[in-house]
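Data first, discussion second: the structure below is written as structure tokens.
The values are calculated or read from the model by the stated rules, or taken from the named source; none is laboratory data. Note that the structure is a prediction, hence the values are computed from the model and not measured. No Cβ is skipped: glycine too gets one built from the backbone with ideal geometry, and neighbour counts run over all protein chains shown. Just so you know, the surface numbers come from the protein's heavy atoms only, side chains and all, with ligands and any DNA or RNA stripped out. Shrake-Rupley method; radii C 1.70, N 1.55, O 1.52, S 1.80 Å.
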Amino acid sequence: VRNVYKSYDFDKTWLELFVNDLGGMKPDIVIEAAGKLETFEAAVNLTRRGGTVLELGNFVDIGDITVKPSYICRNEITIVGSALAPESSFSEAVDILNSIKDKSELFICPHFTLNEYKKAIDNLKKEKNGLKAVFVTGGAV
């Protein structure tokens, strides 16, 4: 997905625009790592039927939300939570990210279509451009 959605207004219009940008298909896996109540709700609504929401951002209690269990059941959505580390590690992680932000190009890699899998493998083996290959489906790379 080329567009980056920075809006904090995760209303139905935003979700429709995002899904439209994905070629009308919702993702199988949605990772919520922003730590906002609104983004968790958006993650659930954005996940494809039978998909999974990986909740990483709300490991500290920041309030309550309204969840419709019927929506989760009808759409067979799996929600997996993980704290990853103790709350005390968060500031250390932010410090580490700040210390390497000049080197972000080492972590960001080109995007490939599924038909370009050989090119992606060569990129990782020979060019060592990024840490992983990112495959994009349903639209422009």
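Heavy-atom accessible surface of Thr39, to the nearest 10 Å², is about 20 Å², with a 1.4 Å probe and all protein chains retained. Shown here for segment 55-114: GluC sites (Glu not before Pro) in loop regions (DSSP other than H, G, I, E, B) with at most 12 other Cβ atoms within 10 Å, namely Glu76. Tyr117 exposes around 110 Å² of accessible area when a 1.4 Å probe is run over every protein chain in place. The figure for Phe59 is an accessible area of roughly 80 square angstrom, using a 1.4 Å probe on the protein chains alone.
Remark on Ile77: its backbone amide H falls under 5 Å from those of Gly50, a criterion applied only to residues 5 or more positions apart or on other chains, H modelled at 1.01 Å from N.
Quick check for me: using +1 on Lys/Arg Cβ and -1 on Asp/Glu Cβ, what's the dipole size of segment 24-100 about its Cα centre, in debye to the nearest 20?
With Lys and Arg at +1 and Asp and Glu at -1, about 520 debye.
Among Lys36/Lys118; Lys36/Lys125; Lys26/Lys126; Lys26/Lys68; Lys26/Lys118, which pairs are too far apart, with a Cα-Cα distance over 28 Å?
Lys36/Lys118; Lys36/Lys125; Lys26/Lys126
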